[in-house]
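A.B. asks: What follows is a structure written as structure tokens; I'll ask about it next.
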Amino acid sequence: MRSVAAGVREGAFRAWARTPEGARAVIRRTSAFGPARRRLWPLHLNTVRFASATEPAPSGPPRVLILDLDLPQPTRSGGHRRLLEIAALLMNSGVAVTIGTCNSLEQTAVAWGVPIGLLREEADVLRRRFPLILGPREIGIHLNEKGRGLSSVWFSRSGPGLAYLHHVLAAAPYARIVFDSMDAEHVRLARRAQLGDLGDSPGEILDSWRREKLMVQVADTVIAVSKSDAAALESLAEGSSGTVTVVPNLYDLSTRRAHGDRRAEGYRWDLLFVGGFLHEPNTDAVRWLLEGIIPRLPPHRYRIALVGHGLPRDLAARAAGVGVDYLGEVASLDAVYAISRVSIAPVRFGSGVKGKVIEAALHGLPVIGTTVAWEGIEVAPGVSGVVADDETGFAVAIEALLESNEDRREMVEESGRWLTPFASQFYSDILRDAVGVRHA
């Protein structure tokens, strides 16, 4: 029996993987990634109905199924916000979009620490925009009954690919396979390991690399959020015919605000850090802020706020001990940005584009961030943003920027130069190409 790698090398992988023999090989290949399989593997091969690609292709509007791990929660995750913006752009360009989640709402509630009642309310709101299929049973039924009619299946991250790749290849013979990495996970984990005390085991990094490599080699189109992530994913292709397309975080730039006069009087927060704290780069950023940067600032001179879901209790307590306020998940980020002066992003590892940097600039705040925080953004250091990679440099930048309202105002104006590539209106045709839909 041929291996998955042999199928890729021969350029006939997708056709072969739609056969029972090929799908079983895919199952054996993907099931090697232990923890991911235990969390995500929802189906057995005998639940898959193999569709025939010899029958005529279905007619009608193009249909795309987007698969992610959990219910998209745009107020808690920048990646989820980007996913919904992509789905909306596809819908607005005439593509019928359905969103599916590998985990049920109950599983998501446990993983995210969000009350199940609140998640159900959020799911009801999202259903007003997109059809939703929640959990493995609903996804299995959808693929078996409607797989032949799918124009494309969009895997958001490698986890859903591991869970459903065999089923999609078998049941959706006309579907173009899109792998959206969200961020290059193997790059993020490798950067984390370079910090030493936070390092993942080599095995975890290798498993991530294998997962993403498999998805890159199988996909017809690979999506990355930045040029650097695209280069990392292209290196995994090994001659497969798929292409890598950059689709960053997308925004309506018409909502952009000026900095105006933000002297200390009337502004509640001098420094603001926004992040989803179930994402480890953000919790590490808070730890570095508290332990490395704040001790280098004049004691209790600046009012500092942390905003976002899921900050661990020990970090929240440590923040309170040095006069930093943790606001948690707020009802309106707009309201918090409106009473803040400078945004900070002390992110030491990660990959992809950081939505917190873009959103701060859109709300009229200058940004001080690390090189990692500015990845994928064409910042002019000292002109359209501040880059600082060590504790002392970060502290000096904070003091300097908070001293001058004019410097902050000019920096926000200059940020318009790097904001332009994130305008959502530029990406409708790119997304239609990615899912294999011809332009009208």
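A.B. asks: Treat the count of other C-beta atoms within 10 Å as a stand-in for reagent exposure and order Glu85, Glu375, Glu204 from fewest to most.
C.D. replies: Glu204, Glu85, Glu375
A.B. asks: Moving to a separate point now. How far apart, in nm, are two points set 7 Å out from the Cα along the Cα-to-Cβ line at Thr420 and at Leu206?
C.D. replies: Taking the two extended label points, one gets 4.7 nm.
A.B. asks: Residues with amide H under 5 Å of Gly100's amide H, sequence separation 5 or more or different chain, H placed in the peptide plane at 1.01 Å from N; which?
C.D. replies: When sequence neighbours closer than 5 places are left aside, the close amide H contacts are Ile66, Leu67, Asp68, Ile133.
A.B. asks: Quick one: what are the phi-derived ³J(HN,Hα) couplings along the stretch 344-360, Karplus 6.51/-1.76/1.60 with θ = phi - 60°, whole Hz, x for glycine and proline?
C.D. replies: Working through the residues one at a time gives 10, 9, x, 8, 8, 8, x, 8, x, 8, 8, x, 4, 5, 5, 5, 4 Hz.
A.B. asks: Rounded to the nearest 0.05, what FRET efficiency is calculated for Glu413 and Asn144 with R0 set to 45 Å and r the Cβ-Cβ distance?
C.D. replies: The value I calculate is 0.25.
A.B. asks: Taking 7 Å along the Cα-to-C-beta vector as the label spot, tell me the Glu238-Ala123 distance in nanometres, rounded to one decimal.
C.D. replies: 3.9
A.B. asks: Something else now. Classify the stretch 264-394 as rounded, prolate or oblate from the Cα gyration tensor: take a ≥ b ≥ c as the square roots of its eigenvalues, call it rounded if a/c is under 1.5, otherwise prolate when a/b beats b/c and oblate if not.
C.D. replies: Rounded shape, in that the Cα axes give a/c under 1.5.
A.B. asks: How much length would be gained if the chain were fully extended between Thr255 and Asp325, taking 0.36 nm per residue of separation minus their Cα-Cα distance, in nm to one decimal?
C.D. replies: Stretched out fully, the Thr255 to Asp325 stretch lengthens by 22.4 nm.
A.B. asks: Please work out the C-alpha center-to-center distance from the stretch 365-440 to the stretch 164-237 and express it in whole Å.
C.D. replies: 25
A.B. asks: When the dipole is taken about the Cα centre of the stretch 253-422, and only Lys, Arg (+1) and Asp, Glu (-1) are charged at their Cβ, what size is it in debye, to the nearest 20?
C.D. replies: With only Lys, Arg, Asp and Glu charged at Cβ, the dipole is about 340 debye.
A.B. asks: With a 10 Å Cβ neighbour count serving as the proxy for reagent exposure, in which order, fewest first, do Ser208, Ser181 appear?
C.D. replies: Ser208, Ser181
A.B. asks: Mind ranking 399-411, 336-348, 119-131 by how tightly packed they are, going by the mean number of other C-beta atoms within 10 angstrom, highest first? Let's see the in-between values first.
C.D. replies: Numbers: 399-411: 15.9, 336-348: 21.8, 119-131: 13.8.
In descending order of packing, they fall as 336-348, 399-411, 119-131.
A.B. asks: Just want to confirm a number: the relative contact order over the stretch 203-348, from Cα pairs under 8 angstrom separated by 6+ residues, in percent.
C.D. replies: That works out to 23 percent.
A.B. asks: Further, regarding this structure: Label-point separation (nm) for Thr75 and Met91, each offset 7 Å from Cα along Cα-to-Cβ?
C.D. replies: For Thr75 paired with Met91, the spin-label model returns 1.8 nm.
A.B. asks: Have a look at Val396, Trp418, Ser384 and report the one farthest towards the positive end of the charge dipole of the stretch 383-428, computed about the Cα centre with Cβ charges (Lys/Arg +1, Asp/Glu -1).
C.D. replies: Farthest along the dipole direction, towards plus: Trp418.
A.B. asks: In straight Cα distance, which aspartates and glutamates are under 12 Å from Lys213, not counting same-chain residues fewer than 8 positions off?
C.D. replies: Cross-link targets: Glu185, Glu234, Glu238.
A.B. asks: Could you calculate the FRET efficiency of Ile339 with Asp433 from 1/(1 + (r/R0)^6), where r is the beta carbon distance between them and R0 is 35 Å, rounded to 0.05?
C.D. replies: Values: r = 42 Å, r/R0 = 1.20.
Between Ile339 and Asp433 the formula returns 0.25.
A.B. asks: Now a separate question. For the stretch 251-321, what does the alpha-carbon gyration tensor say about shape, rounded, prolate or oblate, given a ≥ b ≥ c as the root eigenvalues, a/c under 1.5 as rounded, and a/b over b/c as prolate?
C.D. replies: oblate
A.B. asks: Let me ask another. Which distance in Å, rounded to a whole number, links the C-alpha centroids of the stretch 307-322 and the stretch 71-117?
C.D. replies: The distance from the Cα centre of the stretch 307-322 to that of the stretch 71-117 comes to 26 Å.
A.B. asks: I've got another one for you. For a Förster distance of 35 Å, can you work out the FRET efficiency between the beta-carbons of Glu399 and Ala231, rounded to the nearest 0.05? Let's see the in-between values first.
C.D. replies: Numbers: r = 36 Å, r/R0 = 1.03.
Computed FRET efficiency for Glu399 and Ala231 comes out at 0.45.
Bear in mind these aren't lab numbers, they're just calculated from the coordinates by the rules spelled out. Note that the structure is predicted; figures quoted are calculated from it, not measured. So basically every Cβ, Gly included, is an ideal-geometry build from the backbone, and we count neighbours across all protein chains shown.
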